[in-house]
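The values are calculated or read from the model by the stated rules, or taken from the named source; none is laboratory data. The structure presented is a predicted model; accordingly, all values stated were derived computationally and were not measured. Here the Cβ is made from the backbone with ideal geometry for all residues, glycine too, and neighbour counts use every protein chain on show. Accessible surface areas use protein heavy atoms only, side chains included; no ligands, DNA or RNA. Shrake-Rupley method; radii C 1.70, N 1.55, O 1.52, S 1.80 Å.
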Amino acid sequence: MKSVEIKDLTYSYNGVDPILKGVSLSLDKGEYVSIVGHNGSGKSTLAKLILGLLPFSKGTIIVNDLELNKKNLQTIRNKVAIVFQNPDNQFIGATVEDDIAFSLENMNMPREEMISKVKEYASKVGMLDYLTKEPSYLSGGQKQRVAIATALVRNPDILILDESTSMLDPNGKSEILSLVRRMKIENPNLTIISITHDIEEAYNSDKIILMHKGEIVLTCKPIELFKNRELINKYNLKVPFVVELKKKLQELGYNVTDKNTLEELGEMIWQSK
Amino acid sequence: MNNLTFGRYVPFNTVVHRLDPRNKILMMILLLVSIFFRVSTWSTALILTGFQFLILIGIMLLAHVSFKSLFKSLSMMWILILFLMIIYIFIPNPAYNADHIAFHIGNYAVNYDAFVQAGYIIFRLVMMIMITMILTSTTKPMDLTYALEWYMTPLKIVRFPSHIVAMTLSIALRFIPTLLDETQRIMKAQSSRGVDFNHGGLIRRVRALISLVIPLFVSAISRSEELSNAMEARGYDPYGKRSRYRILSFHFVDLVGFVFVVAIFGAMLTFLILDKKYMNVDFIYWIFHAKPNF
Amino acid sequence: MAIKINHLSYVYLQKTPNEVQALHDISFEIPEGKITSIVGHTGSGKSTLIQTLNGLIAPTSGSIEISDFIVTSNLKKLKKIKELRKHVSIVFQFPEYQLFEETVEKDVAFGLRNYGYKDEDAIKKAHEALSKVGIDKSFYKRSPFELSGGEKRRVAIAGIIVLEPDVLILDEPTAGLDPQGSEVILNLIKEFNKQGKTIIIVTHDMNIVLNRSDHVVVLNEGKLAFSGTPSDLFAGDVSSYSIDIPALFSFALLLKEHGVGVDISKIKNVDDLAAQLKGLK
C-alpha cells in the first residue's frame, strides 16, 4: 500500500517564483526516506504541503489513499505528524504533560484515556520523570523528545522529521536518532520522512530523495546516490566519510569494489602492508 | 534565567497553592475591594487597614511568599511613591484641615494631611501588590487562564470565543520566558556592536532601543508562524470540539478559605457601617496635637 | 600575547535559591593568532565563558587578561569596556537576528557609528567588510530582510568584522546552515585567521574541531576538562563529554592500532590521510 503519493505538485508563495516545480513522488508504507538538498530547495515546503499547512493550486497529494482537500484535511492531519526544527517553537503546553495532552485534546479524547496516553508516551520517550516540568527547565534534546511524543501519541501512519536534530548538541542528536529508530522497530508500519542535512543519517535510510531548486533530481537507494560522482559534484553534496575514503583509496590504487564499511577498508590497508 | 522574579509562580505545596484558582481569583477580588472601602475618619481607616495588613502578612507566611521579592518589587515603586507625595503635597485640597500645617516652603504651607493622604494611598497600593503577589506566586499562570476561561463561559451565550481568548493568553504566558531570553540575547549581540543601552543622550538611546525592538519583532513574528504551524499540524482547530486534560476542582479547603475571606469582607463592611454611624474620631488631629477631642 | 584565563568562576543568580555555578575555577590560555574551538554539552558554560571574554558579563571571581585589558569581577574598574568590546567581538548564535536597519550597508555600518565614526567613513568601511564576506555590491542598498539565511548571516558577520577586532569569537557560526553554506562561513573564518585575527569558535561540530582548529578547549559542567590539540583530545578518553569522535580520526586511530605507521597528529582531513598512506606504500 502506498503511504504518500504526490503528483505534479507546484507551489509558490507569491505566485511568481515557484518553490516547488511539478514534484511527483510515491512512498511505500513503512519506508524510512531521507530528503536531502540545500536550503531553499523546497524540502520543508513539501513537508508543510503534505500536512495541508499551505494551500496549493496545482497537483495532487494522496495520503493513505485519501486525497488532500478541505474535506479530508483533519482526517489526513490525524495520520501525519511532524517534528519541526526549533524545539522551543513547537512546545505549546505549559508543561511536558500539557504539551503531550494538547495533541489529544484536539482529537477530543476522553480525559481518562488522555491521562494514560500521556504517561505511556512520556515514558516511551524517557520523559516520565519530567511530566510537570516547564520547557525552560528542559534541554533542547529533551524538548525534541517531548515533540516526538506529541507527534506519536496521535498514532500517525507517517512521521515527518523536519531537520529535527539540527539545533541539538551531539548528545541530543544521538538521543533523538536512536529514539526514532526504536519507535520504528516498535511500529514497522510507520513511514518516516526525514528532511536532513546529516549525511550519515541519510546514508542509513531506505531511500533518499535529492531535491534541487524545487525539483526532485533523484530518488534511489542511498548507496547509489553516493556512488554517482557526477551528481555529487554537480549538486555539491557532502558525502559520508566511508564513501569519501573509498574514493581516495581507489585513487591510491587499492581495490575497493566490494568494501563498504570502515572496518573492511581498514583491514585491507593493514593487511596490504 | 532573568532577574524579573516579581510575582513569579513559586512551586511550593501549601494550602494556598492547592486552592482552586477560580476560588482564589474571587477571594483576591473580595480582598482587593475591601482595601478600597473608604471610611470617614483616619482612626478607623488605620485600624481597618492595619487589620487587613496583618491578615495579608499571615497569608503570605502561610503561602511561603517571599518577603524579599515583595521588597524588591516595592523598590521599583519609588518613583511612584515620590510622584504621589509631590502630588498630594503641592495640589491644594480643601478637605485638608487648615490647622494641620507642618512647615512652609517659601509661601506655600505644607499640610500634615497631605502626608497622611499620600501615605494611606501608598499603604493600600502596597497591599494591592501583596494580594496580586500572593495570587500569582501560588498559582500557575496556566491555572489562572483556565480560571479566567471558566469565568468567561457565560459569555459563550453571546458567542464570545472564550476558549480562543484563553488559548491566546496561555500561549502568551508560555512564551514570556522565551522572549525574555531572546531580548537578552539580542541586547548582548547589539552590545557587541558597541550599543550602550544604559548611557548616552536621548537620540542614542532611541537608536539603541530600535536596534533591540526590530530584531525582537522579526523573531517573534517568525516564532509565531512556526508556532501556528506546529499547532495546526497537531490538529488544533479553534472551532472544533476539544476535550480537556486539566480540570479544576473545588475542594473542602476551598470552602473553608472562601468562608474565611467572606467573613473578613463582612467584618470590614460592618466596620464601615458602624464607623459611619458612631465613630467620628479625628485620629489625625489626635496624633499630631496629642489632644484628643473625644 | 595569548589570552590568559585565571581561576575564572561565574555564578548565575548568586545568593538566590536558583543559584547556578556556570563556571568553576577554570584556568587556561587561548593561543594568539590561532583558531581555538570551545566544545562541551549544552549548559557546560561555553556561552558564559565567551561573554566574560568581552565583558558582557562580569566574572564572579578570577580574571581574564587580553592584551592590555584585565577583566575582573569589578567591570566598572575597566573604564575602556567599550574599547574591549571592539578588540574582542562576539558573533552570537543566529546573528541574523541582530539585523534591523533598512539597508545592508547601513546595518554593517551601525557598529562603527556607535564608535563615533562619521557616516561616510562608516559606510566606506562597511563596503570593505561586505566585500570581505563575499556580499556583492548589488546587495548594499537592499533590505537585509530580503536576503537568504546564509547571506543574512554573512552580513551580520560583516557587522562585527567592520569593527576590526583582533579577537573574533563565533558562537555556533554554522548552526542552521546547509553543508554548502557552512563551508562558506568556515572558509571566511579561515581567511580572517590568516589576516592575523585570533579566532574562537564555540561549536558542537567535531569536524570543525578536527579540520579547522589548532587548539581545542573542552568544558564539562562548568569545569575545564581539556585544553590542547584536537588530535590529543580525540586520542584520549572523551566518553564522558558530549563529543563524537570524527569518523576520519577513529579510522586513523584504528590503522595506527593495527601497526600502520600513520601520524595521527597530522591528520586534519581525508587528503592528509591519503597523503600519508601514499608515503607508506
Looking at the calculated P(r) for chain B, what percent of the C-alpha pair distances fall above 24 Å?
67 percent
For the range B:167-175, Karplus-derived ³J(HN,Hα) couplings (6.51, -1.76, 1.60; θ = phi - 60°; whole Hz; x for glycine and proline) come out as 5, 4, 4, 5, 5, 4, 4, 4, 8
Residues meeting the amide H criterion for A:Tyr32 (H placed from the backbone, H to H distance under 5 Å, 5 or more places apart or on another chain) are A:Ile192, A:Asp206, A:Lys207
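Averaged per residue, what accessible area in Å² does the range B:132-244 show with a 1.4 Å probe, protein chains only?
Per-residue value: 52 Å².
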Relative contact order in percent for the range A:196-266 (Cα pairs under 8 Å, 6+ apart) equals 20 percent
Charged-residue dipole, Cβ positions (Lys, Arg, Asp, Glu), chain B about Cα centre, Debye nearest 20:
620 debye
So, relative contact order of chain B in percent, Cα under 8 Å, 6 or more apart, is 34 percent
Loop-located chymotrypsin sites (Phe, Trp or Tyr not before Pro) in the range A:193-235, at most 13 other Cβ atoms within 10 Å (DSSP):
none
Just to be sure I understand: of the beta bridges DSSP finds with both ends in chain C, what percent are antiparallel, rounded to 5?
55 percent
Assuming a viscosity of 1.567 mPa s and a temperature of 4 °C, what translational diffusion coefficient in µm² per second does Stokes-Einstein assign to the range C:3-245, Rh being the Kirkwood radius over Cα pairs?
70 µm²/s
Mind listing which GluC sites (Glu not before Pro) in the range C:1-104 are in a DSSP loop and have 11 or fewer other Cβ atoms within 10 Å?
C:Glu19
Carbon/sulfur accessible area of chain A, % of total, 1.4 Å probe, equals 48 percent
Computed on Cα atoms only, the convex hull of chain A has an orientation-averaged projected area in nm² of 16.7 nm²
Rounded to two decimals, the Rg over Rh value of the range A:1-64 from Cα coordinates and the Kirkwood Rh reads 0.96
How long, wide and thick is the protein assembly as shown, going by the Cα atoms along their three principal axes, in whole angstroms, largest first?
115, 68, 52
What does the net charge come to around B:Ala63 if you take all other residues with beta carbon closer than 14 Å to its beta carbon, with K and R at +1 and D and E at -1?
+4
In square nanometres and to one decimal, what's the mean projected area of the convex hull around the Cα atoms of the range B:10-165?
12.5 nm²
To the nearest hundred square angstrom, how large is the accessible surface buried between B and A, total for both chains, probe 1.4 angstrom?
2900 Å²
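So in the protein assembly as shown, what percent of DSSP beta bridges are antiparallel if you round to the nearest 5?
The answer is about 55 percent antiparallel.
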On a C-alpha basis, how far is the centre of the range B:165-241 from the centre of the range A:17-62 in Å? Whole number, if you could?
30 Å
In sequence order, calculated HN-Hα J values of the range B:249-258 (Karplus, 6.51, -1.76, 1.60; Hz; x Gly/Pro)
9, 9, 9, 4, 4, 5, 5, 4, x, 5
Treating the angle as unsigned and between 0 and 90°, give the value, to the nearest 10°, between the Cα long axis of helix B:42-62 and the longest Cα principal axis of chain B.
40 degrees
Using only Cα atoms, find the angle between the long axis of helix B:21-35 and the longest principal axis of chain B, and express it within 0 to 90 degrees, rounded to the nearest 10.
30 degrees
Return the long-range amide H neighbours of C:Lys34 (sequence gap of 5 or more, or a different chain), with a cut-off of under 5 Å between placed amide H atoms.
C:Ile199
Where a ≥ b ≥ c are root eigenvalues of the Cα gyration tensor, a/c under 1.5 meaning rounded, otherwise prolate if a/b exceeds b/c and oblate otherwise, the range A:81-194 counts as oblate
For the pair C and A, total buried accessible area rounded to nearest 100 Å², probe 1.4 Å:
2500 Å²
Mind checking the angle between helix B:78-90 and chain B's longest principal axis? C-alpha axes, 0 to 90 degrees, to the nearest 10.
40 degrees
How about the range A:34-121: which trypsin sites (Lys or Arg not before Pro) there are in a DSSP loop, with at most 10 other Cβ atoms within 10 Å of their Cβ?
A:Lys70, A:Lys71
What percentages, rounded to whole numbers, describe P(r) for the range C:1-73 computed over all alpha carbon pairs with 10 Å bin width beginning at zero?
19, 54, 23, 4, 0
Amide H neighbours of C:Val202 under 5 Å, at least 5 residues apart or on other chains, H built in the peptide plane: list them.
C:Ile38, C:Leu170, C:Asp171, C:Glu172
